[in-house]
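Each reported figure results from applying straightforward, stated rules to the coordinates on display, with no laboratory input. All values reported here derive from a predicted model rather than from experimental measurement. Cβ atoms come from the backbone with ideal geometry, glycine included; neighbour counts cover every protein chain shown.
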Amino acid sequence: MIAQIWRWLAKRRLTIIFLLLGTVILLFIFVPLAKTLFSSSPSLLWGTLLEGEVIRSIWLTLYTALLATALGLLLGVPLAYFLARHSFRGKRFVEALIDVPIVVPHTAAGIALLFVFGQNFVIGRAFHSIGIDFVLSVPGIVIAMLFVSVPFLIDSAKQGFEKVDERLEKVARTLGASHWQTFFRVSLPLAKGSIFGGSVMMWARGISEFGAVLVLCSYPTIAPILVYTRLEEYGLNYALPVASILIIICLVVFVGLRSFAYRKEKA
Amino acid sequence: MIEIKNLMVNLGSFLLQDINLIVEKGEYFIILGPTGAGKTILLESIAGLYPIRSGEIWLDGREVTGLEPEKRGIGFVYQDYVLFPHLSVKDNLIFGLKQKGRPKRELQRVTEWLADLLEVSHLLERRPDTLSGGEKQKVALARALSVGPNVLLLDEPLSALDPQTRESVQQELRRVHQRLQLTIIHVTHDFEEAIALGDRIAVLNEGRIVQVGTPEEIFRQPNSEFVARFSMTRNIFAGDVRQEAGGSILFAVDNAEFEVVTDLRGKLHASVRPEDILVSNDPLISSARNSMKGTITSIADHGSTIHLTVSTPMDFVCMVTRHSFDEMNLTKGGEIYITFKASSVHVF
């Protein structure tokens, strides 16, 4: 009997070991999130949510991340399409450049942005002259989020466009569609799943940004910064409920959009 | 009419060059070439979908070389259909007209006309990925016709289909061509397809047009190895298919005839593979319907096999093994009998 069980296990050694290792990393992700969520009582969470400062910071975070994503769509999708359809000398360099914001420390990214969009540089001054300032202001939060999260959208959109058979576009042209009509009636609809998925990732990444925003714009306060300042100034007990609310919102948004995208894909 | 003058296209690893062709209005023109000869790129260049290096393309007396593809009035059908996967069959059909902003009434009228022409009415609400290969190709053809093109370019339109479907779509192409008096350029690597459909054939090999002529000219006097190798390994005849009073179906060539199995009638072609022909010293009593006496006019040694040309007086190339050849004492000028089944004749 024992020998039989042993043989049964021996045959599945690889599967069992991989499953054990996988369980470790799953628990590593799941336990801290769950612990945070269940450490505060629902009434405390509700009370925290009603605080003006908390609700303002959460709202600010959500809509600045959304603005950054909208900007990313406007500027990033055309680039993604161009990269998917053309090959040229230096293309690999351009593609690597797009991914740089993912790998540089985000505080350093914040400083780089401060340097260019601050009023000591021509770009910052140009924007100042039309009334847009990036330091300690909402536009500052948006560009910090845009900088660190747009690679997710561009990469995903590019992959989406690459999957669209170029000959579909060619056929559309022979049927009398212009370049623009072909893009909006054929390429874009067929890549929209990837673009939507990339937008969700970009938005989520924007919501969770801390370092770059802190350098450029510690006030008005976005939620991740609020968590940090509460931890620093008042301690864990005050930071915890805000952190819990932030996690819940991100989970709800992420799961909701994911299943929406999934349903659309199946339809 | 479509006229191609000194066209040169860079294909990366080699060039398409010195391409000069005139395709008459209403002509069914075939470009025949081996896989990798640049046939697809040649078609895309004509449609303006692939940048050319030099040369001119004229359509009905108007130069279209620099024109955008959407302004050329050239329809295109790819080998693997390339239907818009996010649109229903109906929306695929009216895609072009919609982009041109035509009124709803016209969209409806054209959809009905096309669905009728190609017998796809029952598929209109379906998605492309639910269609069979033959259905997809009919829809692709209908879609290309929807905008009333002057010229239709077909890129290996039958190659992705199974043999039975291929036959029926081939009939469809012939019918549509005759009914709409279309100018068609059809590229293929399939010799029999070329002979069956083409008014004229251009042979493309290693980036150049090596021969242009009627199907008969091409397979009687091939000047490229690609075609020669093919016509040598087939016995191809041009003739008439008709049904006898007794029910047997005969293929008549000049003054001789043999029995075949087919549903087709009229002026057609037939081929018999050399390995499907039995050679015997005495008349053979068997179920095979075709048996005739002939004279060996030439013997070609291919190593382990020998190709005999037997004149009955129709010339048949027959293949025998070296072993049989030695045992049967076959000599040039000798008289023998050849036998083949009616069902081993391919009529196209």
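A helix-only calculation puts chain B at -8000 deg cm²/dmol for mean residue ellipticity at 222 nm, using -39500 (n - 2.57) for each DSSP H run of at least four residues, averaged over all residues.
Please check: in the Gaussian network model of chain B (C-alpha springs, under 10 Å), which one of B:S291, B:S13, B:S280 has the largest mean-square fluctuation. Most flexible of the set in this elastic network: B:S13. If you take all other residues with their beta carbon under 12 Å from the beta carbon of A:Y219, and give Lys and Arg +1 and Asp and Glu -1, the sum is 0.
If I take R0 = 45 Å and measure r between the Cβ atoms of B:R322 and B:E56 in this structure, what FRET efficiency does the formula 1/(1 + (r/R0)^6) give, to the nearest 0.05?
Details: r = 54 Å, r/R0 = 1.21.
Given R0 = 45 Å and the Cβ-Cβ separation, E is 0.25.
Taking the centroid of alpha carbons for each part, segment A:191-236 and segment B:160-212 are 61 Å apart.
For segment B:237-332, the relative contact order is 20 percent, taking Cα pairs closer than 8 Å that sit 6 or more residues apart in sequence and dividing their mean separation by the residue count.
Extension gain for the segment B:T297 to B:V261, taken as residue separation times 0.36 nm less the Cα-Cα distance, is 10.1 nm to one decimal. Any idea what angle helix B:89-99 forms with the longest principal axis of chain B, computed on alpha-carbon atoms, 0 to 90 degrees, nearest 10? Its long axis makes an angle of about 50 degrees. For the cross-link pairs B:K5/B:K39; B:K25/B:K90; B:K71/B:K138, the ones whose C-alpha atoms lie over 21 Å apart are B:K25/B:K90; B:K71/B:K138. By the rule of a C-alpha distance below 19 Å, with chain neighbours fewer than 8 residues away ignored, the lysines paired with A:K163 are A:K91, A:K192, A:K264, A:K266. Cross-link partners for B:K341 among the aspartates and glutamates, with Cα-Cα distance under 13 Å and sequence neighbours closer than 8 places in the same chain left out: B:E259, B:E275, B:D276. Between the listed residues B:S45, B:V147, B:L158, the Cα displaced farthest toward the positive end of the dipole of chain B, a dipole computed from Cβ unit charges relative to the Cα centre, is found at B:V147.
Given +1 at the Cβ of Lys and Arg, -1 at the Cβ of Asp and Glu and no other charges, the dipole of segment A:118-267 around its Cα centre is 680 debye to the nearest 20. Look at the alpha carbon pairs under 8 Å that are at least 6 residues apart: their mean separation over the length of chain B gives a relative contact order of 16 percent. Put in line by how crowded their Cβ is, counting other Cβ atoms within 10 Å and starting with the fewest, B:K138, A:K91, B:K341 read A:K91, B:K341, B:K138.
Mind checking which aspartates and glutamates have their Cα closer than 14 Å to the Cα of A:K170? Skip sequence neighbours fewer than 8 apart in that chain. Of all the aspartates and glutamates, those that pass the test against A:K170 - Cα under 14 Å, at least 8 places apart if same chain - are B:E44, B:E68, B:E70, B:D80, B:D155. Which FRET efficiency, nearest 0.05, do B:Q171 and A:S87 yield, Cβ-Cβ r, R0 41 Å? Using R0 = 41 Å, I get an efficiency of 0.45.
Per-residue Cβ neighbour counts within 10 Å put B:S132, B:S88 in the sequence B:S132, B:S88, beginning with the fewest. Among the GluC sites (Glu not before Pro) within segment B:249-348, not one is in coil by DSSP while having at most 14 neighbouring Cβ atoms inside 10 Å. Considering only alpha-carbon pairs that sit under 8 angstrom and 6 or more positions apart, the relative contact order computed for chain A is 28 percent. So how tilted is helix B:104-117 from the main axis of chain B? Cα-based, degrees 0 to 90, rounded to 10. In chain B, helix B:104-117 runs at an angle near 10 degrees to the longest axis.
Report, in debye and to the nearest 20, how large the dipole of segment B:97-214 comes out about its Cα centre when Lys and Arg carry +1 and Asp and Glu carry -1 on their Cβ. Show your work: numbers first, answer last.
On the way: 17 positive and 17 negative charges, 162 e Å.
Dipole size: approximately 780 debye.
By the beta-carbon count within 10 Å of each Cβ, the least crowded to most crowded order of B:R273, B:R105, A:R12, fewest first, is B:R105, A:R12, B:R273.
Segment B:81-159 and segment A:22-90 have Cα centres lying 44 Å from one another.
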